[in-house]
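**Student:** The structure's right below; bear with me while I get my questions together.
The values are calculated or read from the model by the stated rules, or taken from the named source; none is laboratory data. The structure displayed is predicted, hence computed values, not measured ones. Ideal geometry is used to build each Cβ from the backbone, glycine not excepted, and the neighbour counts take in all protein chains shown. Heavy atoms of the whole protein, side chains included, go into the accessibility calculation; ligands, DNA and RNA do not. Shrake-Rupley method; radii C 1.70, N 1.55, O 1.52, S 1.80 Å.
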Amino acid sequence: MRLDYRGAMGRVAQASGVWLLHGNEPLLEQNLLNALRQHWQSQHIERQRFEINTVNDWRDVFNSLNSLSLFSEKLAIEAHGNIKPDAAGLEQLQQFIQSPADNTLVIIMPRQDQAAQKTKFYQSIDANSVVVQLSLQNMQERLAILQDEAHQLGVQLARDAWELLLAQTENNLFAAQQSLLRLSDLYQSDHVIGLEDLQAGLTEQSRFSSFDLADAALQGNALQAVKILGFLLESGEADSLILWALSREMRLLMQLFEQPGQYQKLGIWQNKTRYYQQALKRISGKQLMQWPALLQRTDAAIKGLSEENSKDLLLQLTMALSGKPLFHGLT
């Protein structure tokens, strides 16, 4: 079964078996995963998350599915990455598709192009499970998604303000959503935000963004990256948004380490290719292997599942991505 974003959001409560999420809109991915996680939590379903950096990581996924926790009768697993299972893993995936019981496996990948959709992995899921394409076809769909976001935040924009917001964020859905978050802090819900209001709001809050942080770290500019991180934390930027921006670049580098030269396949724009090439030259494979654990620790700290300081961990991530890790364990 194939679903678009809205169709998938409407079927969250019925999610079971295998769901493959792929696309080029991180906001849609974030919203759908949040909806799934809230549903699992409400149903007391245990959730586990795996980073798929090598083919062998699939073994951990299927081992977990085959050995349920003593404290949970149902299990939901998220598998993040762009590495497909090998022949043995594919056989296990097909067995799970045929008999998932009440368990759910959500696989999150970058956009799968036409060549990827011809693979046995994709076709097995497409024929017997659920494939969700997280992409938008036109400006009307993009605007509709953002208007939903604005409604939830209690933000009202005049028509010309919407046009300016889309133009200034260069049709980047995630950046536009962050702007809406900032506007919700600046204006009351009964205030209709016009052009002047929007320009003032964006100017006040647009000195730096999470994307600027990720770009600076990716380019190896540690001093600038730390400066931006400090500004974001002081200005109240959500730790989860900062983590998302950093983890996106780190996952892409890990995937490029496993799949050298696959820039287009991973959705990397040509004008940014050199930054990834330079990053892979200054960051060792040993460093890259430490990143998944650090990302998981940061995610746990942000969610209050550990006693570690999330802001300290975000600094560690920033320095690691810059190629100048704070601790020898990450060298």
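**Student:** In the range 1-81, which chymotrypsin sites (Phe, Trp or Tyr not before Pro) fall in coil by DSSP and have 14 or fewer other Cβ atoms within 10 Å?
**Tutor:** Those satisfying the criteria are Phe71.
**Student:** I'd like to check one number: the per residue accessible area of the chain, probe 1.4 Å, reported in Å² as a whole number.
**Tutor:** 50 Å²
**Student:** Now, a different point. If you keep only loop residues by DSSP, which chymotrypsin sites (Phe, Trp or Tyr not before Pro) in the range 234-331 have at most 16 other Cβ atoms within 10 Å of their Cβ?
**Tutor:** Trp269, Phe327
**Student:** Give me the Å³ per residue figure for the convex hull around the C-alpha atoms of the range 118-178.
**Tutor:** 117 Å³
**Student:** With just the Cα atoms of the chain, tell me how far they stretch along each of the three principal axes, in Å, largest first.
**Tutor:** 58, 46, 41
**Student:** If R₀ is 30 angstrom, what is the calculated FRET efficiency for the pair Asp86 and Gln30, using the beta carbon separation as r and rounding to 0.05? Mind showing how you got there, number by number?
**Tutor:** Values: r = 29 Å, r/R0 = 0.98.
That gives a FRET efficiency of 0.55.
**Student:** For the range 236-307, what are Rg and Dmax over the alpha carbons, in angstrom?
**Tutor:** Answer for the range 236-307, Rg first and Dmax second: 13.8, 41 Å.
**Student:** Can you send over the carbon and sulfur percentage of the accessible area for the range 169-248, probe radius 1.4 Å, protein chains only?
**Tutor:** Here it works out to 45 percent.
**Student:** What are the principal axis extents of the Cα atoms in the range 184-266, in Å, biggest first?
**Tutor:** Rounded to whole Å, the extents work out to 50, 29, 20 Å.
**Student:** Between Val18, Phe50, Gln92, whose Cα lies farthest towards the positive end of the dipole of the range 1-130 when Lys and Arg beta carbons carry +1 and Asp and Glu beta carbons carry -1, centred on the Cα centre?
**Tutor:** Val18
**Student:** Further question on the same structure: Mind listing P(r) for the range 205-253? All alpha-carbon pairs, 5 Å bins, whole percents.
**Tutor:** All Cα pairs, binned at 5 Å, distribute as 4, 24, 35, 25, 10, 2 percent.
**Student:** Estimate the FRET efficiency between Asp185 and Asp160 by the formula 1/(1 + (r/R0)^6), using the beta-carbon distance for r and 22 Å for R0, to the nearest 0.05.
**Tutor:** 0.50
**Student:** How big, on average over all directions, is the shadow cast by the Cα convex hull of the range 121-218, in nm²?
**Tutor:** 8.6 nm²
**Student:** Go through the range 36-88 and name the GluC sites (Glu not before Pro) that are in a DSSP coil and have 14 or fewer other Cβ atoms within 10 Å of their Cβ.
**Tutor:** Glu73
**Student:** Which three lengths, in whole Å and largest first, does the range 30-173 cover when its Cα atoms are put on their principal axes?
**Tutor:** Result, largest extent first: 54, 39, 25 Å.
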